[in-house]
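These notes are about the structure you will find just below.
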Amino acid sequence: MSRRKVSVRGSLVRDMMQNVMETSLKQPIRTGELRRNPVEPAWIRPAGYEYEIIELGHLKMEYLRPAGVVTERVILQLHGGGYIGPMKNIYRRFAVRYSKLSYGGDVLTLDYRVAPEHPFPAALEDAVAAYEWLIEEKGYRPEHIVVAGDSAGGGLSLALGLYLKDHGIALPGGFITMSAWTDLTNSGESHVSNYEIDPLFGNSTDNMLYNSEYIGGEDPGIPYISPAFGEYEGFPPVLMQVGSYEVLLSDTLTVADKLKNAGVKRRVSVYEGMFHVFQMGLDLIPESREAWDEVESFLQIIFHINVKPDGKVVRKVKTEHTKPARDMARLLIAMMKKELDDA
């Protein structure tokens, strides 16, 4: 699926990002310096949620649960940041949204070890440990787990899946990736075709993509580092979202082709004119809202959530001008189900 027309607001936000990248923030953003040492206010847990910080040796996780709600489903969130940045407040906001979109699901966000102090395979080891903790310690069934990640976290999500498959560990119910960084060799076609239009990583190779400290001394083509080179037979359904302006566009499309060839049910959505992890716009731009609606529909399918209409219908009024949001959501779910079934 491709959103063919960029919204006015989405275009403005993209242009503003381009302008910011031409200011003094250019190098700190590109090199990841701002990711290494984020300065943020304390995050306040929203009402109606239980929030727990879990530390098991070097393993650090944040566990969010709706108070008084037990659904037995959970999202394991792997944050982005080029494998050099720690957890940030935006991912705590993501966690709340994932919980709401899964209708009361729990969310475990892993604050995995990062480079340069902890290069590969530290992040992957932590992801495996967090996944096993959900199953062995908390009792979630693998099919009731969805692994979600953006940017480096999207690549790490797929790397986790490859590791689980290779080691005979039950796979989760599904995967969600946003602007996934899946090829740390940076050999994808869009690194050339989108070089001049990507507002974040374009027009330079002096950035965290080309100077990744996560690789360490390993071969960047190893599938556990670059899942673009992995094999995906036996994978559960996958939702992949990416912006058409990204140098990392081909990172998503390459994996999408492999999923197709492996017979994996998948939905791949390219949002026209969008930039790296545009979903961080949340409700600010139409494309971000649409992407999160798509996530909700995917979670309903994977978790077999049947949303019943509110109240009792006592009268139906036909009108060509009324299109309730719930009807649109049902249409999106039906379309996604058909696309997954036809994969």
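Residue-wise test of (1) without any contact (Cβ under 8 Å) to a residue 40 or more places away in the chain; (2) closer than 27 Å to Asp219 by Cα.
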residue	(1), (2)
Tyr98	no, no
Ser151	no, yes
Gly155	no, yes
Leu164	yes, yes
His167	yes, yes
Ala180	no, yes
Glu189	no, yes
Tyr195	no, yes
Phe201	no, yes
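Could you check how many residues of the range 124-175 are among the charged types (D, E, K, R) and surrounded by 17 or more Cβ atoms within 10 Å (Cβ to Cβ)? So that I can check it myself, show each step before the final result.
Step one: list which residues in the range 124-175 are among the charged types (D, E, K, R), which gives 125-126, 132, 136-138, 141, 143, 150, 165-166.
Narrowing the set further to residues that are surrounded by 17 or more Cβ atoms within 10 Å (Cβ to Cβ) leaves 126, 150, 165.
Within the range 124-175, residues that are among the charged types (D, E, K, R) and surrounded by 17 or more Cβ atoms within 10 Å (Cβ to Cβ) number 3.
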inquiry  = Anything in the range 106-137 that is touching a helix residue (DSSP H, G or I) at 6+ places or on another chain (Cβ under 9 Å), assigned to a loop (DSSP other than H, G, I, E, B) and among the charged types (D, E, K, R)? List them, or say none.
reply    = Asp111, Arg113
request  = Output the number of residues of the range 228-254 satisfying the condition of being among the aliphatic types (A, V, I, L, M) and open to solvent by 10 Å² or more (accessible area, probe 1.4 Å).
outcome  = 2
ask   = Among (1) in a loop (DSSP other than H, G, I, E, B); (2) farther than 15 Å from Ile225 by Cβ; (3) open to solvent by less than 20 Å² (accessible area, probe 1.4 Å), where does Tyr103 come up short?
value = (3)
Residues (open to solvent by less than 40 Å² (accessible area, probe 1.4 Å) and free of Cβ contacts under 8 Å to residues at least 60 places away in the same chain) located in the range 260-271 = Ala262
ask   = Gly48 passes all but one of (1) more than 24 Å from Asp283 (Cβ to Cβ); (2) more than 20 Å from the chain's Cα centre (by Cα); which number fails?
value = (1)
message = Can you tell me which condition Ile84 does not meet? The list is (1) among the aliphatic types (A, V, I, L, M); (2) modelled with pLDDT of 95 or more; (3) within 21 Å of the chain's Cα centre (by Cα), and all the others hold.
response = (2)
query = If Val307 satisfies every condition in (1) more than 18 Å from the chain's Cα centre (by Cα); (2) among the hydrophobic types (A, V, I, L, M, F, W, C); (3) modelled with pLDDT of 90 or more but one, which is the exception?
reply = (3)
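The values are calculated or read from the model by the stated rules, or taken from the named source; none is laboratory data. The structure presented is a predicted model; accordingly, all values stated were derived computationally and were not measured. Cβ atoms come from the backbone with ideal geometry, glycine included; neighbour counts cover every protein chain shown. Ligands, DNA and RNA are excluded from the accessible area calculation, which covers all protein heavy atoms including side chains. Shrake-Rupley method; radii C 1.70, N 1.55, O 1.52, S 1.80 Å.
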